[in-house]
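Structure first, commentary second.
The values are calculated or read from the model by the stated rules, or taken from the named source; none is laboratory data. Note that the structure is a prediction, hence the values are computed from the model and not measured. Glycine also receives a Cβ, built like all others from the backbone with ideal geometry; neighbour counts cover every protein chain displayed.
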Amino acid sequence: MRTIAMVNQKGGCGKTTTAINTAAAFAAQRQRVLLIDLDPQAHATIGLGYDPDSFECTVYDLLRGSVQTLHGVVVHTETEGLDLVPCNVLLASAELELGSVAGKELLLARGIESAGRDYDFCVIDCPPSLGVLTLNALVASTDIIVPVQVHYYALEGLKRLLETIRIIRERFHPCSMENISLLLTFVEERRTFSRQIQQQMRDIFGDLVFDAVIHRDVRLAESPSAGESILTYGPTSRGAVDYSALARELTHAAAPTDRPSAGTTIRRGIQKHLVNLFDGVWVPKENRAYYPGIIEST
Ligand SMILES: Nc1ncnc2c1ncn2[C@@H]1O[C@H](COP(=O)(O)OP(=O)(O)OP(=O)(O)O)[C@@H](O)[C@H]1O
Ligand SMILES: [Mg+2]
């Protein structure tokens, strides 16, 4: 089973949208998928049409070990092949409650240990923070997707985030190759500025960036209010096409252990583009206009 976590401490960059719709796109491609809502905001649960307060057991119980099996918290959604581990606001107390538990970072990994028997993919929606919940997702996952909104401050915080993910993965996941990829979201091809930033991201991060991009599409913003994924809400929409392409790219990508590590990719990027992302930032002159925050911090 591939376990894919959507991670970015920045709010509103498309984590939940990507979690729901990538999971639905996998299901449409006849994969068996488990979507885990690990954000106390419960947006993935709501986005699939559920009332978070209607559940007796949620991912919170899975983390606390108060349900014995994964089956005790799984909901079969209306989409064939797509199951959900829901969440509600009670999860907010997990950060405090679990903070002092020994092995707190392993709770989710243990909770979904048996999932490999029933699912091909597990997709985890994380909150916009790097607390104990995201830590659990980082430890439990084989792949990490960092959605990055293509805008003026696209790179702000990204270097530190990748660094943090790398350190956590090295510490808790020593046997696994890092498999971190960046997904460009809210792309607007018609805007020169969006195209330029997209190109800059590819220049800097190289093949860390998915070929597939997610365009800005109002149907993607509307679909949660209908409680549906974009695959059923707007099957011919740009969003559906984009998320289907992302799911295909993920399905066809080599298994995580066969892919180069993110570190390798970044170092290759550094040589090629003379941008050192880990040891002080140097950005080529022609790119500087886009990253004032980073230039200032060097
Ligand atoms: N490609 C897109 N085009 C248009 N609207 C989008 C797109 N992606 C996401 N949105 C909308 O932008 C808002 C933020 O997206 P989303 O909730 O997926 O971000 P998030 O990273 O999960 O946010 P948070 O950090 O709060 O959990 C939502 O209203 C969503 O419907
Ligand atoms: Mg979200």
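Among the residues making up segment 207-219, those that are away from ligand 1 (no atom under 16 Å from the Cβ) and surrounded by fewer than 18 Cβ atoms within 10 Å (Cβ to Cβ) are 207, 211.
Scan segment 47-58 and tell me whether some residue there is of a type in the set (S, T, N, Q) and closer than 21 Å to residue 117 by Cα. Yes, segment 47-58 contains at least one residue that is of a type in the set (S, T, N, Q) and closer than 21 Å to residue 117 by Cα.
The residue list 165, 180, 204, 197 contains one member that is within 25 Å of residue 101 (Cα to Cα), β-branched (Val, Ile, Thr), modelled with pLDDT under 90 and surrounded by 19 or more Cβ atoms within 10 Å (Cβ to Cβ), which is 165.
May I ask you to list the residues in segment 1-16 that are within 17 Å of residue 183 (Cα to Cα) and either within 13 Å of ligand 2 (Cβ to nearest atom) or surrounded by fewer than 20 Cβ atoms within 10 Å (Cβ to Cβ) (or both)? 5, 6, 7, 8, 9, 10, 11, 12, 13, 14, 15, 16 - these are the residues of segment 1-16 that are within 17 Å of residue 183 (Cα to Cα) and either within 13 Å of ligand 2 (Cβ to nearest atom) or surrounded by fewer than 20 Cβ atoms within 10 Å (Cβ to Cβ) (or both).
When residues in segment 55-94 are screened for being part of a helix (DSSP H, G or I), surrounded by fewer than 19 Cβ atoms within 10 Å (Cβ to Cβ) and small (Gly, Ala, Ser), 3 of them pass. Quick one: in segment 111-159, of everything that is closer than 14 Å to residue 33 by Cβ and aliphatic (A, V, I, L, M), which residue is modelled with the lowest pLDDT? Across segment 111-159, the extreme among qualifying residues is 115. The set of residues in segment 92-124 being acidic (Asp, Glu) and touching a Gly at 6+ places or on another chain (Cβ under 8 Å) consists of 95 alone.
Number of residues in segment 183-194 that are loosely packed, with under 14 Cβ neighbours inside 10 Å and either within 12 Å of ligand 1 (Cβ to nearest atom) or under 23 Å from the mean Cα position of the chain (by Cα) (or both) equals 1.
Only one of (1) within 16 Å of ligand 2 (Cβ to nearest atom); (2) over 20 Å from residue 20 (Cβ atoms) is not met by residue 85, so which one is it? That leaves (2) as the condition not met. Here is the figure for segment 96-135: residues that are more than 18 Å from residue 172 (Cβ to Cβ), in contact with a Leu (Cβ under 8 Å, 6 or more places away or on another chain) and within 16 Å of ligand 1 (Cβ to nearest atom) total 3. Going through (1) within 16 Å of ligand 2 (Cβ to nearest atom); (2) touching a residue at least 40 places away in the same chain (Cβ under 8 Å) one by one, residue 165 falls short only on (1). Whenever a residue of segment 14-37 is free of Cβ contacts under 8 Å to residues at least 40 places away in the same chain and farther than 22 Å from residue 108 by Cα, it has no partner that is in a helix (DSSP H, G or I) and away from ligand 2 (no atom under 13 Å from the Cβ) lying with C-beta atoms less than 9 angstrom away and at least six residues away or across chains. Could you list, in sequence order, all residues of segment 17-47 that are within 14 Å of ligand 1 (Cβ to nearest atom), of a type in the set (A, V, I, L, M) and surrounded by fewer than 24 Cβ atoms within 10 Å (Cβ to Cβ)? Once the filter is applied, which keeps residues that are within 14 Å of ligand 1 (Cβ to nearest atom), of a type in the set (A, V, I, L, M) and surrounded by fewer than 24 Cβ atoms within 10 Å (Cβ to Cβ), segment 17-47 yields only 46.
Under the condition of being more than 21 Å from the chain's Cα centre (by Cα) and in a helix (DSSP H, G or I), the residues counted in segment 226-236 number 3.
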